[in-house]
Amino acid sequence: MGTRCLDRSRALEALPIALECESDSNGNVLQCSSLVPLLSMLTTRLASLCRSARTVAAMSSIPPQCAIYTSNYPTAHTQSNGVVIRAGQQSQSIAFSNDNGLTWTQYEGNPVIESPPAQYADQYQQFRDPFVFWYAPSSKWIMVASLAMKHILLIYSSDNLKNWTLQSQFGPENARFGQWECPSLFPLYVDGRKQKSGSYSWRCTRGICAIYFFIKDSVA
């Protein structure tokens, strides 16, 4: 994962790579985050500033930033933390930065979501593109991740960005072709319905070449 620095008085300045691919002693690539030759994987997402110093393993006096991204594992291996990885596996991981995003450290417990749920176990190579946001009403982080070939979005929740619980799923809905990738999920008040009634609509988007919107009415 590379970084760029913007000074209003200058052009963009290229900085050193912040998050490298991992390799074993023989040079075999074990894990890539955004640095893989797949457009769909070039979607490392930066979650907002971690709400609590307890959300990551290492802390400083400055609240860290946390990146939520998909790890793509080209080769089968066993990680130093004991997690057994299959060739081609895609999992969700986190990294943290204590210097405003210039450098990143991968969480030693990665991946934080190793595989899709049991009923989709065969989709372990098509499990990617986490979108994460803080949901204040329940004081939880919410993640939407895609099972690209199944046209299904999985919705997880977490108190700390490290431990995730599957809450629900969405799809396939009007699925016609291609893959479901790069989802987003956000609430939007419409038609004058504001917090007086607590009613709003959820917007869900997904797609790279084509963008699809889905709307679900809800009550806060």
(message) Can you give the FRET efficiency to the nearest 0.05 for S80 and D159, using r as the Cβ-Cβ distance and R₀ = 35 Å?
(response) 0.85
(request) Kindly state, to the nearest 0.05, the FRET efficiency for L12 paired with N100, given R0 = 25 Å and r defined as their beta-carbon distance. (result) 0.95
(message) Please list, in order along the range 97-110, the HN-Hα scalar couplings obtained from phi with the Karplus expression 6.51 cos²θ - 1.76 cosθ + 1.60 (θ = phi - 60°), rounded to whole Hz, x for Gly and Pro.
(response) 10, 10, 10, 6, x, 6, 10, 10, 10, 6, 5, 5, x, 4
(message) I need R128, R86 ordered by Cβ neighbour count within 10 Å, fewest first.
(response) R86, R128
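Any read-out appearing in this document is the output of simple, stated calculations on the displayed coordinates, not a laboratory observation. Because the structure is a prediction, the values reported are computed rather than measured. Using ideal geometry, Cβ is built from the backbone for each residue, glycine included, and neighbour counts are taken over all protein chains shown.
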